[in-house]
1. Determine which member of the set 229, 237, 220 is more than 16 Å from ligand 2 (Cβ to nearest atom) and buried (at least 17 other Cβ atoms within 10 Å of the Cβ).
2. Please find, among 71, 102, the residue that is within 16 Å of ligand 2 (Cβ to nearest atom) and either part of a helix (DSSP H, G or I) or within 17 Å of the chain's Cα centre (by Cα) (or both).
3. Which residue pairs have Cβ atoms closer than 6 Å, lie 6 or more positions apart in sequence or on different chains, and pair a first residue in segment 214-238 that is touching a residue at least 60 places away in the same chain (Cβ under 8 Å) with a second residue that is within 7 Å of ligand 1 (Cβ to nearest atom) and of a type in the set (Val, Ile, Thr)?
4. Please find, among 171, 186, the residue that is modelled with pLDDT of 95 or more and under 18 Å from residue 219 (Cβ atoms).
5. Considering only segment 3-54, state which residues are away from ligand 2 (no atom under 16 Å from the Cβ) and either assigned to a loop (DSSP other than H, G, I, E, B) or without any contact (Cβ under 8 Å) to a residue 40 or more places away in the chain (or both).
6. So, in segment 86-115, exactly how many residues are more than 25 Å from residue 57 (Cα to Cα) and surrounded by 18 or more Cβ atoms within 10 Å (Cβ to Cβ)?
7. Among the residues of segment 25-39, are any more than 13 Å from ligand 1 (Cβ to nearest atom) and over 18 Å from residue 257 (Cβ atoms)?
8. Evaluate the following for residue 209: is it more than 20 Å from the chain's Cα centre (by Cα) and in contact (Cβ under 8 Å) with a residue 12 or more places away in the chain?
Amino acid sequence: MKISKKATTIAIVNQKGGTGKTTTCENLGIGLAMEGKKVLLVDADPQGSLTISMGWQQPDELPTTLSTLMAKTMNDQSILPGEGILHHTEGVDLIPANIELAGLEVSLVNTMNREKMLKQVLEGAKHEYDFILLDCTPSLGMLTVNALAAADTTLIPVQAQYLSAKGLEQLLQTVQKVRRQINPKLKIEGILLTMTDSRTNYGQQIDNLIRGAYGSKIKVFDQTIPRSVRAAEISAVGKSIFQHDPKGKVAEAYRSLTKEVMANAERQLKRVVERGR
Ligand code: ADP
Ligand code: MG
């Protein structure tokens with residue numbers, strides 16, 4: 001009997017911009033592919049940063065993007081297998097996005113089942129991939145709610161330098177609300193501290209502060225992502241950190257994060273199987 005796959009879908013969210021969502025989506029995704037996993041990345045941000053960062057420099061010229069697929073779903077049209085999916089040389093697939101997604105978000109308001117359009121778009125892909133990673137837009141609007149509705153878990157990159165306790169609180173409330181009303185199985189994968197600087201006292205203090213404030217309620221990944229100029233360069237070269245600076249500390253960090261995420265997914269899968277017995 002062929003057992004069909006059931007991807008683990010991870011929404012990478014934080015309504016604050018510049019916290020490392022896109023960088024994490026790309027490098028965690030490619031990290032998972034390097035471990036032999038089949039991975040689909042979804043750019044769910046109208047700015048198309050993930051699309052650009054992966055080497056498609058002109059997202060506005062792409063014929064099919066996430067907004068095309070979501071519009072089709074809204075109009076009850078079916079999506080062909082593989083439709084709109086781009087293939088990156090480092091072994092991951094991508095559903096790209098461009099500015100049209102902003103218009104689509106507005107039109108969602110008058111749609112039946114408006115929170116579940118992205119989930120429907122990904123229905124077929126769920127059986128084709130091991131992991132689907134959603135790169136969210138920096139807001140808690142309808143696109144992010146769609147991502148949370150489609151996800152199994154959420155990974156929250158937090159820029160260690162700037163602690164916004166209020167922002168985090170708001171995000172956790174949104175996750176709770178989605179869990180209650182739309183997606184009861186939604187879990188929090190964990191908080192990922194990004195752009196850390198452990199050499200300074202201040203950096204260490206922030207790390208301790210976040211772990212102290214949230215560590216009892218939510219998993220804070222042991223692995224943090226250090227700040228490095230080499231990481232900031234990758235969006236311009238269309239490659240992952242594993243290609244751009246394979247021996248550097250950021251590649252090392254994403255490699256280790258990849259292992260942590262894989263271990264979590266396996267643990268989760270085992271739990272589901274045991275419950276099914
Ligand atoms: P978001 O998607 O949350 O807006 P990005 O991943 O785009 O965040 O990162 C914001 C900025 O910080 C980008 O310019 C990116 O290149 C840079 N950046 C991301 N991670 C690192 C890092 N580890 N070290 C240095 N710069 C980083
Ligand atoms: Mg981004």
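1. Of the residues listed, the single one that is more than 16 Å from ligand 2 (Cβ to nearest atom) and buried (at least 17 other Cβ atoms within 10 Å of the Cβ) is 220.
2. Of 71, 102, the one residue that is within 16 Å of ligand 2 (Cβ to nearest atom) and either part of a helix (DSSP H, G or I) or within 17 Å of the chain's Cα centre (by Cα) (or both) is 102.
3. Qualifying pairs under 6 Å: 225/194; 231/250.
4. 186
5. Across segment 3-54, the qualifying residues are 3, 4, 5, 6, 7, 35, 36, 37, 38.
6. 2
7. yes
8. In short, yes.
The values are calculated or read from the model by the stated rules, or taken from the named source; none is laboratory data. Fair warning: this is a prediction, and the values are worked out from it, not measured in the lab. Positions of Cβ are backbone-derived with ideal geometry, glycine not excepted, and every protein chain shown enters the neighbour counts.
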